[in-house]
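Read through the structure below, which is laid out as structure tokens, and then see the notes.
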Amino acid sequence: MLAALAEFIHSMGIFNLTFGHVLMIGIACLLIYLAIVKGFEPLLLIPIAFGVLLTNLPLADMMAEPIIEIKDKVIHTVQPGGLMYYLFQGDHLGIFPPLIFLGVGAMTDFGPLIANPKSLLLGAAAQLGIFITFIAAIGSGLFTAQEAASIGIIGGADGPTAIFLSSRLAPHLLGSIAIAAYSYMAMVPIIQPPIMRLLTTKAERAIKMTQLREVSKKERILFPIVVTIVVALIVPPATSLIGMLMVGNLFRECGVAGRLEDTAKNALINTITIFLGMSVGATATAENFLRVETLAILFLGVTAFAIGTAGGVLLAKLMNKVMGGGINPLIGSAGVSAVPMAARVSQVMGQKEDPSNFLLMHAMGPNVAGVIGSAVAAGIMLSLFR
């Protein structure tokens with residue numbers, strides 16, 4: 001009896017708790033605090049943080065791989081894997097991020113982009129941070145080309161795309177990259193405004209833009225079809241992300257698939273967000289996360305985000321001068337794909353200069369262009385380095 005009791009006591013996780021475990025549990029609790037108390041992307045940070053918490057509880061084996069033996073050509077599971085291990089296969093196999101894009105497409109109005117195609121240029125300019133940070137990551141000597149590409153994509157401010165690319169090129173960095181990407185997405189209202197003020201004048205921030213034209217239903221239906229064909233023919237590896245984004249949008253715009261639209265933008269995306277967040281967080285074990293490389297990823301990630309914001313603003317300034325005015329440079333910052341938060345930041349900044357200025361719909365054009373741009377950038381990285 002005493003021997004059994006002693007064995008039970010020693011099987012407790014508390015006797016296997018290390019400083020690394022305690023630190024990671026503290027980080028998980030901090031993320032939960034930021035999500036609940038500060039309101040930083042709670043729908044994303046809460047599942048990610050809880051995944052971090054679960055994977056760092058000793059002996060819980062939430063990410064343990066199954067033990068399998070093959071005897072007489074029959075596969076037998078000796079010991080099943082942990083719950084998070086099985087959920088993580090949706091990330092590892094590239095299933096969850098495209099399904100998130102399906103829901104995003106069903107929720108997104110591409111009308112502002114269709115009405116103002118020049119917005120595509122601003123969305124492209126905001127991807128500058130991805131490629132400059134990629135070069136910087138390689139130059140640091142800490143990362144391979146595959147790892148650098150996965151880090152650079154943080155600059156697109158698109159969590160699912162960052163997860164999609166890193167799961168293919170650098171799965172061992174997935175937890176660090178996902179936490180950095182979603183944390184910086186949550187801090188868009190904090191990171192972007194100082195950069196926007198630094199690069200624009202008071203007069204530029206007060207520029208009023210003319211109302212966008214009405215977009216016809218035919219244009220709305222043709223847009224996702226044409227974009228899918230064009231992108232898939234030019235950058236095939238981006239097809240799964242762009243294809244799911246556009247079919248979700250087609251559900252929204254066609255007018256005859258209301259049930260599919262409702263499922264994609266509500267039940268499906270909410271379910272996948274839970275699974276994706278928790279399983280990605282579960283990769284952030286103390287062994288993988290508490291390294292010098294993680295600090296470098298966090299620094300390079302915020303640098304990528306800042307450069308992307310600056311790239312969009314500077315191109316919008318240039319367009320405003322070349323086209324003789326009428327373009328508020330603030331909308332360029334929305335070229336990162338943090339939808340719709342980045343567009344709202346442009347709106348808030350514009351109204352601080354002139355309360356009667358309404359930039360939201362104009363900013364939504366670059367914003368949704370950024371979603372497409374980050375997916376295309378991920379496809380280019382996959383083409384080059386997979």
| field | Number of positions in the stretch 15-42 that are assigned to a helix (DSSP H, G or I), at pLDDT 85 or above and of a type outside the set (Ser, Thr, Tyr) | value | 18
| remark: If we keep only residues of the stretch 175-216 that are touching a residue at least 12 places away in the same chain (Cβ under 8 Å), in a helix (DSSP H, G or I) and open to solvent by 80 Å² or more (accessible area, probe 1.4 Å), then the residue farthest from Ala342 (Cα to Cα) is Lys202
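Could you go through the stretch 52-60 and let me know if any residue there is within 30 Å of Ile372 (Cα to Cα), touching a residue at least 60 places away in the same chain (Cβ under 8 Å), open to solvent by less than 20 Å² (accessible area, probe 1.4 Å) and in contact with a helix residue (DSSP H, G or I) (Cβ under 8 Å, 6 or more places away or on another chain).
yes
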| query | In the stretch 295-338, what count of residues is obtained for those that are aliphatic (A, V, I, L, M) and more than 30 Å from Gly175 (Cβ to Cβ)? | reply | 11
| Pairs, please: C-beta under 7 Å, at least 6 apart or cross-chain, first residue within 21 Å of Thr144 (Cβ to Cβ) and in the stretch 371-386, second open to solvent by 10 Å² or more (accessible area, probe 1.4 Å) and among the basic types (Lys, Arg)? | Leu382/Arg168; Arg386/Arg168
| note | Given (1) under 30 Å from Thr263 (Cβ atoms); (2) open to solvent by 30 Å² or more (accessible area, probe 1.4 Å), Thr108 misses just (2)
| Residues (in contact with a Leu (Cβ under 9 Å, 6 or more places away or on another chain) and open to solvent by 20 Å² or more (accessible area, probe 1.4 Å)) located in the stretch 77-87 | Leu83, Leu87
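Is at least one residue of the stretch 276-290 touching a residue at least 12 places away in the same chain (Cβ under 8 Å), charged (D, E, K, R) and closer than 30 Å to Gly350 by Cα? Walk me through it before giving the result.
Here is the first cut: in the stretch 276-290, the ones touching a residue at least 12 places away in the same chain (Cβ under 8 Å) are 276-290.
Filter once more, so that each one left must be charged (D, E, K, R): 287.
Now narrow it down to the ones that are closer than 30 Å to Gly350 by Cα: none.
No, because not a single residue in the stretch 276-290 is touching a residue at least 12 places away in the same chain (Cβ under 8 Å), charged (D, E, K, R) and closer than 30 Å to Gly350 by Cα.
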| message | Looking at Leu45, Leu99, can you tell me which residue is at pLDDT below 90, within 30 Å of Leu260 (Cα to Cα), of a type outside the set (Phe, Trp, Tyr) and part of a helix (DSSP H, G or I)? | response | Leu45
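The values are calculated or read from the model by the stated rules, or taken from the named source; none is laboratory data. The model shown is predicted, which means the values in this text are computed figures rather than measured ones. Here the Cβ is made from the backbone with ideal geometry for all residues, glycine too, and neighbour counts use every protein chain on show. All accessible areas refer to the heavy atoms of the entire protein, side chains included, with ligands and DNA or RNA removed. Shrake-Rupley method; radii C 1.70, N 1.55, O 1.52, S 1.80 Å.
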